[in-house]
Amino acid sequence: VTIVWVSPLKVATPEILARTNPNIFDMVAATLSGLAGGYAMIRNRGGTIVGVAIATALMPPMAVVGFGVATGQFAFAQGALLLFTTNLAAIALSVTLVCTFYGFGGAATRKAVAWQLVVGVLVLLPLGWPLTHALADIARQTRTVNTVRSAMVTALGSQQIRILDLKLDHAGATPTLDVTFAVQAFTREDDIRLRQVLAPALATGTVMRFQPV
């Protein structure tokens, strides 16, 4: 947080944004990292490399949490904290499973490991719901974006169209679609026709904002 405060850079980069919207695949990746790390440490094969790989799964999201808090973008901090918690729990649980499989520790240790497994599962289960929901949102938004692209080609048929930026926001009370695109000409009739073509593909009440260049 302090580093962000003293830094003149306050704009979210693509690397920061990539860690603010985790999904179920992040949990799968963290679990596989933990399994690989546990196996490598037990077999004494590339422990340092795998340790660095695990660190890259934990440090970046925590850094993004600091960025979000320092800049007042708490949605960023919340998403990154969810990613950090997911990675930490999945890695810890998968390493515990590997160690248990290879028979580390005595009876007392195994009892402690059993409790760790129970706690790990209880932590991961509630995390799975928002991660799965996030993946469904990404899939739905991707389908909508593809539909918008097709509709624009249909509505502005004979012209050469290049979409420069497309944002579909469902976060607020009113869904909004912002499209910036390069086109040879864009008349009022084109605007009306494009809205008519897009309306069935979007949620009811979606505000459409077009920025032709």
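The values are calculated or read from the model by the stated rules, or taken from the named source; none is laboratory data. Computed from a predicted structure; not experimentally measured. Methodologically, a virtual Cβ is constructed for each residue, glycine included, from the backbone with ideal geometry; neighbour enumeration extends over all protein chains shown. Protein only, heavy atoms only, side chains kept; ligands, DNA and RNA dropped before computing areas. Shrake-Rupley method; radii C 1.70, N 1.55, O 1.52, S 1.80 Å.
Filtering segment 10-45 to residues that are without any contact (Cβ under 8 Å) to a residue 40 or more places away in the chain and among the basic types (Lys, Arg) leaves ARG43, ARG45.
One residue stands out in segment 14-40 among those that are touching a Ser or Thr at 6+ places or on another chain (Cβ under 6 Å) and more than 14 Å from LEU82 (Cα to Cα): the one that is least open to solvent (accessible area, probe 1.4 Å), namely GLY34.
Which one of these is buried (at least 17 other Cβ atoms within 10 Å of the Cβ) and either among the hydroxyl-bearing types (Ser, Thr, Tyr) or at pLDDT 85 or above (or both): THR206, THR187, THR176, THR180? Only one candidate qualifies: THR206.
Within segment 74-95, if we keep just the residues that are without any contact (Cβ under 8 Å) to a residue 40 or more places away in the chain and over 19 Å from PHE25 (Cα atoms), the residue that is least open to solvent (accessible area, probe 1.4 Å) turns out to be ALA77.
Matching residues to (1) of a type outside the set (A, V, I, L, M); (2) more than 23 Å from the chain's Cα centre (by Cα); (3) outside any strand (DSSP E or B):
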position: THR144; (1), (2), (3): yes, no, yes
position: SER150; (1), (2), (3): yes, yes, yes
position: THR154; (1), (2), (3): yes, yes, yes
position: VAL179; (1), (2), (3): no, no, no
position: PHE186; (1), (2), (3): yes, yes, yes
position: GLU189; (1), (2), (3): yes, yes, yes
position: ILE192; (1), (2), (3): no, yes, yes
position: GLY205; (1), (2), (3): yes, yes, yes
position: PHE210; (1), (2), (3): yes, yes, no
